[in-house]
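Have a look at the structure below before the remarks.
Each value in this text was obtained by applying a stated rule to the coordinates, not by laboratory testing. The structure presented is a predicted model; accordingly, all values stated were derived computationally and were not measured. Every residue, glycine as well, gets a Cβ built from its backbone with ideal geometry; the counts of neighbours run over all protein chains shown.
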Amino acid sequence: DAMVIQNPRYQVTQFGKPVTLSCSQTLNHNVMYWYQQKSSQAPKLLFHYYDKDFNNEADTPDNFQSRRPNTSFCFLDIRSPGLGDAAMYLCATSRGGTGLILREQYFGPGTRLTVT
Amino acid sequence: RKEVEQDPGPFNVPEGATVAFNCTYSNSASQSFFWYRQDCRKEPKLLMSVYSSGNEDGRFTAQLNRASQYISLLIRDSKLSDSATYLCVVNGSPGGGADGLTFGKGTHLIIQP
């Protein structure tokens, strides 16, 4: 079945130790997103790739970076995780729309990050 | 004003009842609207897109009111399995990008036997 896969599902890292989360998709969607979701809060968009074009949200900290080496894979790098970065990180994909029309997004199961 | 606003609930509803949620959005230029469902500690899953003319999928009906900038979700004959958090989602992100989605915090629904 076509799907969005995230690895690992659970990640523990130490304060300040760089960590990379990965996402892959078999949907052949051209848009990939990273969201951060903290407990009892809405998912918050960090950035997205529209094909190879990287789009950073204005309020995403510099501590968060992303790479998309090909259509299928996208990575989230947290350069120096702080305690406040503990959250669920969700990857999503969609087929890009035109103008303001946006097609539905499909989410992976998420990676739950713990910072000790 | 929040970008996308929902009553967080919880809504405690007996099985078989009809329940409705509203959601208001602030970006009048938004063109795409969705309802997602999220179970505890799981990822959001698309429930339905919301079209201008309104749309129905089984027991679920979604409506869009552009003039008042709100969307609604109606669930008929509610089942125990409908217990979840329902997220109202609108295109356009607080950072200004049109390709992102802005999520409401969700409405928590509990169906009671």
| Using a 4.7 Å Cβ cut-off, which Cys residues in chain B lack a partner cysteine? | B:Cys40
| Share, in percent, of DSSP beta bridges within the protein assembly as shown that are antiparallel, nearest 5 | 90 percent
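Classify chain A as rounded, prolate or oblate, taking a ≥ b ≥ c as the square roots of the eigenvalues of its Cα gyration tensor: rounded when a/c is under 1.5, otherwise prolate if a/b is larger than b/c and oblate if not.
Details: a/c = 1.76, a/b = 1.57, b/c = 1.12.
Cα axes put chain A in the prolate bin.
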| note | One quarter of the C-alpha convex hull surface, i.e. the mean projected area of chain B in nm², amounts to 6.9 nm²
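Inverting the mean 1/r over all pairs of different Cα atoms, compute the Kirkwood radius of the protein assembly as shown and quote it in Å.
Numbers: mean 1/r = 0.0553 Å⁻¹.
That comes to 18.1 Å for the protein assembly as shown.
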